[in-house]
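**Student:** Take a look at the following structure, please.
The values are calculated or read from the model by the stated rules, or taken from the named source; none is laboratory data. A quick note: this is a predicted structure, and the numbers were derived from the prediction, not measured. Here Cβ is always computed from backbone atoms with ideal geometry, including for glycine, and neighbour counts include all displayed protein chains. To get the accessible areas, we keep the full protein, side chains included, count just its heavy atoms, and leave off ligands, DNA and RNA. Shrake-Rupley method; radii C 1.70, N 1.55, O 1.52, S 1.80 Å.
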Amino acid sequence: MPSPFPGMNPYLEGYLWSDVHNALASKIRTFLVPQLRPKYAARLEVYVVEDISPASEIGILYPDVEVLQIRQRRDVTPTTPTSNIATTPAPLTLPVIQPVEVHIPTVEIRDTANNILVSCIEILFPVNKREPGITDYRKKRQRLYNANVHLIEIDLLRRGNRPFNHPRLPDVPYLITLTRAESGVIEVWPVMLQDTLPTIPVPLREGDSDAVLELQAVLNTIYDEAGYDLSIDYTQSPPPPTLSDMDINWIHTQLGNFSTS
């Protein structure tokens, strides 16, 4: 069953995102390979990030670590063998939140003659969009730019911070960007909830035509192949952050039209 949304499906931003993220990287490679042969190859490079502050994602991306329990107050606790002074019982116990190891795939386009990295396609993960992970990711962006590598960044998550700031950057839920090597500019595709995802260029070596990436076709394909409709409860609200009233009304209209079609 196809997605009820013309562009990004906000329900994919929750606990399904890890699977969506992996599927997007793999399918992007599949879509690009026929355009790249024989001078270029697309490879999946997986790097590991330790999410040391995952608390904001518990119940959204990561499952609940533990249900917090309020301990019933008592006036005193039993005395210990080493002291006659009663201690006050803690009214609240919290789970120790352990770091989460996150495996993040990227799509690397390399020339087949020398295996030199030409273009990198990054699909942002929540850990890339908040501290301390965002600082490490910004350093990676700078390294790629310094190495004259074209960088495409696909941000299909409404929560978190953008990896770069600019006064003219629009306030939109989703953002696709392309930084061409040595260009000094960032090409930006702002995407509203109601928009289809853009078809973007994928730069190669100077003198070679750009490849073309149809992001909406990629997303539609993985939605169908993975059967995400079987795992999404469309009677519930999308994952955080909270949407505007206008967007909520639009979502209800989309789902209503979809259910009657």
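**Student:** Which members of region 4-42 meet the condition of being outside any helix (DSSP H, G or I) and either within 19 Å of the chain's Cα centre (by Cα) or surrounded by 14 or more Cβ atoms within 10 Å (Cβ to Cβ) (or both)?
**Tutor:** Within region 4-42, Pro4, Phe5, Pro6, Gly7, Met8, Asn9, Gly14, Tyr15, Leu16, Tyr40, Ala41, Ala42 qualify.
**Student:** Identify all residues within region 28-56 that are at pLDDT below 90 and charged (D, E, K, R); write none if there are none.
**Tutor:** none
**Student:** Next up: Out of everything in region 136-158 that is out of contact with any helix residue (DSSP H, G or I) (no Cβ under 6 Å at 6 or more places or on another chain) and touching a residue at least 40 places away in the same chain (Cβ under 8 Å), what residue ends up being nearest to Val102 (Cα to Cα)?
**Tutor:** Restricting to residues being out of contact with any helix residue (DSSP H, G or I) (no Cβ under 6 Å at 6 or more places or on another chain) and touching a residue at least 40 places away in the same chain (Cβ under 8 Å), the top hit is Asp136.
**Student:** So which residues in region 223-261 are under 12 Å from Pro2 (Cβ atoms) and open to solvent by 70 Å² or more (accessible area, probe 1.4 Å), if there are any at all?
**Tutor:** Asp224, Glu225, Ser261
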